[in-house]
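Report on the structure given below.
Quick note: the coordinates plus some simple rules give every number you see, no bench work behind them. These figures come from a predicted structure and were not determined experimentally. Glycine also receives a Cβ, built like all others from the backbone with ideal geometry; neighbour counts cover every protein chain displayed.
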């Protein structure tokens, strides 16, 4: 076994290179250029949120990481090997948002069948218990609720004890308790060295559960960092004030002004250091009726990902 | 079979993994797949009832049928047809699995195309035993007479040979949307059965039709199933027909399974 434990962190780093490595990946479907040159490296044990609006290329990228699609250009590797090889060894598993279940078999049979295909597996009962569906193990899949089916997909993903777990909108249909249990299970496995990449379009979920957020828009990575860093990048404040004769050049000369809009006597300024800008406006420009508003999380996300000109596609 | 690594829950996740033997083919998969079919009342109904109805409708009395009587000939034909249909309709069920996203899910496991195809063929051929047993039982009870050796040969050839239609069902099931699969299969089975000489015996074929029919996928198996009664003349052609179609249909099924990773 080629494993070693890093001292000083609670994460385990396994041999075998980066959990995910994408180099210059492009993928098109006809005229749609879904992925436009994504470079991404995810280290083992990281919990990474893949955040973006519908149509950002998240799903296409995930398909390539899972070996379900091939890039037109560039390379994709998981745990130092071709995605299909990693899947064949049970090193990579995924929880998809929809489908992937046979309606006419029971919950337990589904996991048992899945387990039978892998060499290295965990106990079926343990997986059912961890996913919280041991109690409904004899129920037909077709009779399960959306949340129960999602837990079943999770149990199926756990059974091969994957080193990389890819989740596509994982908590869709789950109630609050289900969501909490789910993320608790994910967290405890990350400490064993499991890497988790989850796609979501909720900044809240990404911010709450991921070590790192990779923000994609129109098939490109537009931001990559911790939740705090992402928010900081997008979370400028807006200052509005009234000036008698606003002087564009003088206003732009104020340190910290990042955006400026003048409508008659009304001035709107975008800035990170809003206090300094406000002080300058009040002290040297004779500004009146000054107000400062902060952007929320969702607005920050919108700032980074929105683009009114192009239609969204899943 | 599952192997649990004891005590690894707290330990690190192992990267030292191997791929399964035989492309993931295993008994658990086979058992669960078989149970799924046996639980499907509709499939079981048609598999059993259809050949019974056909047997009583088509009970013939006289034509030259070689070493057995006409009833024996018909028994072999109808049992074979039942086996063809059982194989094809069972395996074409993959169309429904595709619609549920299951084949895509299987692409996230080590299961290889040939192992999956083999599982489906074995399950289908297990189901095909039912019409064979039912029709041979009825035939013998209602006056079909032929040398025992010829009947055993016909039974075994029909059972093994009808697996060809399991491959056909898989190829169609992987190719067409599930709502169309069953109509196409019903139509195809009837036409292929005529071409193969299942309903109208091959010796009755015109020369021109026979030249065409020998290229159709039921021809070789049907001829060989009747060989005990009607003789082995032309056997090399039957073998060629069977081997050729097995390669074409099996190859198509594996290729279509591999291709089938689309989202639902």
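If R0 is 22 Å, the Cβ-Cβ spacing of residue A:175 and residue A:201 corresponds to a FRET efficiency of close to 0.70. Fewest neighbouring Cβ atoms within 10 Å first, the residues B:185, A:81 line up as A:81, B:185. For the protein assembly as shown, the share of DSSP beta bridges that are antiparallel, to the nearest 5, is 70%. Per-residue mean of foreign Cβ neighbours for A:184-191 is 1 (Cβ atoms of other chains, 10 Å radius). Remark: relative contact order (segment A:3-232) = 28 percent; criterion is Cα-Cα distance under 8 angstrom and separation of 6 or more residues.
The label point for residue B:42 and the one for residue A:294, both projected 7 Å from the Cα toward the Cβ, are 5.8 nm apart.
Treating each Cα of the protein assembly as shown as an identical point scatterer and summing with the Debye formula, the log10 of I(q)/I(0) at q = 0.09, 0.11 Å⁻¹ comes to -0.79, -1.00. I want to verify the translational diffusion coefficient of segment A:3-232 in µm²/s; compute it with Stokes-Einstein, Rh as the Kirkwood radius over Cα pairs, at 20 °C and 1.002 mPa s. So the translational diffusion coefficient is about 120 µm²/s.
Against chain A, whose longest principal axis comes from its Cα atoms, helix A:146-158 is set at around 70 degrees. Using a simple spin-label model with pseudo-atoms 7 Å out from Cα toward Cβ, residue A:273 and residue A:129 lie 5.7 nm apart. Legend: mean number of C-beta atoms from other chains within 10 angstrom of residue C-beta atoms, peptide A:67-76, equals 1.
Shown here: segment B:89-146, whose C-alpha atoms stretch 53, 20, 10 Å along the first, second and third principal axes, sorted largest to smallest.
For B:226, A:26, B:207, A:120, the sequence from fewest to most other C-beta atoms within 10 Å is B:207, A:26, A:120, B:226. Each of A:112, A:265, A:205, A:291 was scored by other Cβ atoms within 10 Å of its Cβ. Arranged with the fewest first, they read A:291, A:265, A:205, A:112.
Axis of helix A:107-116 versus longest Cα principal axis of chain A: the two differ by about 80°, to the nearest ten degrees. Beta-bridge orientation, chain A: approximately 70 percent antiparallel, per DSSP, counting only bridges with both partners inside.
For segment B:137-249, the Kirkwood hydrodynamic radius comes to 15.0 Å, computed from all pairs of different C-alpha atoms. Computed with the Debye formula from one identical point scatterer per Cα of chain B, without solvent, the log10 of I(q)/I(0) at q = 0.09 Å⁻¹ comes to -0.44. When each of the peptides B:198-206, B:89-97 is scored by how many other beta carbons lie within 10 Å of its residues on average, the order from highest to lowest is B:89-97, B:198-206.
Each helix, a run of at least 4 DSSP H residues, gives -39500 (n - 2.57); summed and divided by the residues of chain B, these come to -22000 deg cm²/dmol at 222 nm.
Between residue B:206 and residue A:184, the C-beta separation translates, for a Förster distance of 56 Å, into a calculated FRET efficiency of about 0.15. If eta is 1.002 mPa s and T is 20 °C, what Stokes-Einstein diffusion coefficient results for segment A:216-294, Kirkwood Rh from Cα pairs, in µm²/s? The Stokes-Einstein estimate is 157 µm²/s. Segment residue A:252..residue A:32, full-extension length gain: 75.2 nm, with 0.36 nm per residue of separation and the alpha-carbon distance subtracted. Take every pair of alpha-carbon atoms less than 8 Å apart whose residues are at least six positions apart; their mean separation over the length of chain B yields a relative contact order of 25 percent.
Annotation: segment B:15-126 has a Kirkwood hydrodynamic radius of 16.5 angstrom, from the mean reciprocal C-alpha pair distance. Look at where the Cα atoms of segment B:208-227 and of segment A:114-192 average out, and the two centres are 51 Å apart. Relative to one another, the C-alpha centroids of segment B:173-190 and segment A:216-253 are positioned 58 Å apart.
A helix-only calculation puts chain A at -9000 deg cm²/dmol for mean residue ellipticity at 222 nm, using -39500 (n - 2.57) for each DSSP H run of at least four residues, averaged over all residues.
Would you kindly work out the equivalent ellipsoid of segment A:83-147 from its C-alpha gyration tensor and give its semi-axes, the square roots of five times the eigenvalues, largest first in whole Å?
Working: eigenvalues 91, 40, 23 Å².
For segment A:83-147, the ellipsoid semi-axes come out as 21, 14, 11 Å.
Highest mean packing first, where packing is the average number of other Cβ atoms within 10 Å per residue, the peptides A:82-95, A:61-74, A:276-289 line up as A:82-95, A:61-74, A:276-289. Once the Cα atoms are used to define both axes, helix B:41-57 deviates from the longest principal axis of chain B by about 10 degrees.
Extension gain for residue B:184 to residue B:27 (0.36 nm times residue separation, less C-alpha to C-alpha distance): 53.4 nm. Taken residue by residue and averaged, Cβ atoms of other chains lying within 10 Å of the Cβ of A:93-103 number 5.
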